[in-house]
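The values are calculated or read from the model by the stated rules, or taken from the named source; none is laboratory data. Everything quoted here is computed from the prediction, not taken from an experiment. Note that we place each Cβ from the backbone using ideal geometry, even for glycine, and neighbour counts take in every protein chain shown. Side chains are part of the model used for accessible areas, which takes the heavy atoms of the whole protein and leaves out ligands, DNA and RNA. Shrake-Rupley method; radii C 1.70, N 1.55, O 1.52, S 1.80 Å.
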Amino acid sequence: LDSTDRDTFTPVSASDGTDYLVVWKAAQNYPGSVVGRKTPYNLLAARISGTTGEWIDKKPTKIAEVEEYYTKATNYGNPIRPAVAFGGGHFLVVWNETDALYEGATEELRARRIGTDGQPMGVEFTLHAVTNEFHFAPHVTFDGHDFVMTYSSSSNLLEHKVRGARLGTTGTSPTLFA
C-alpha cells in the first residue's frame, strides 16, 4: 500500500462477503503540527482481497479530510475512533470528530458511505452533534435492514451514558433511540 502518512492508528475492518474494507486514522504533516500535540488526522480506507489477502487499492482513499477544517482560524476537526460495517450494498464508516485540543471543545459523530469499489458515496454527514455533550467511541453494525450505531455520551466527562441510533441504508438522518 502506497501511503505517505507518517503515523497510522486505530485500524478497523469489515467484509462485504468477498473483500474487506480497512479504515484507519493517519497523522498529517501541517505547519506547526507535532505528533501527540495538535496533530491533524485524516481517515483513510483501502480494500484487501478476501481471496489473496493482498491490497486491492494501491493508494488509500480519504474518507474524512482534516484539510477542510484546518483552514478555520480557531480550530480544526480531527476525525478519530473509526468504526465500519457493511450492509445494504455498501459500507458505513462512523467516527467521532473532535476539536478537543481547544477551549470550548466539542465532539460530534460523523459518517460516510463507502461503495464496494472503495470510493466514497456522497459527502460525510453528521449523525449526532450536541454542543453540551461529548459523543465518543462509536460502534456500528448492520441488522439486515438498518445500520445500528452505539456510542458513549457525557456532559461532564465523569458520568457516561450508552446511546444509540438507527440509520437506514439510504438516509442521512438517524433515529436516536437511547
Among the residues of the range 89-112, count how many are at pLDDT 75 or above and open to solvent by 20 Å² or more (accessible area, probe 1.4 Å). 4
Condition first: in contact with a Lys or Arg (Cβ under 9 Å, 6 or more places away or on another chain), open to solvent by less than 30 Å² (accessible area, probe 1.4 Å), on the phi < 0 side of the Ramachandran plot and modelled with pLDDT of 95 or more. Can you find one or more residues in the range 18-29 that meet it? yes
Those residues of the range 120-154 which are over 25 Å from THR10 (Cα atoms) and among the polar types (S, T, N, Q), in sequence order: THR131, ASN132
When you go through THR52, THR116 one by one, which is the residue that is at pLDDT 90 or above and touching a Gly at 6+ places or on another chain (Cβ under 9 Å)? THR116
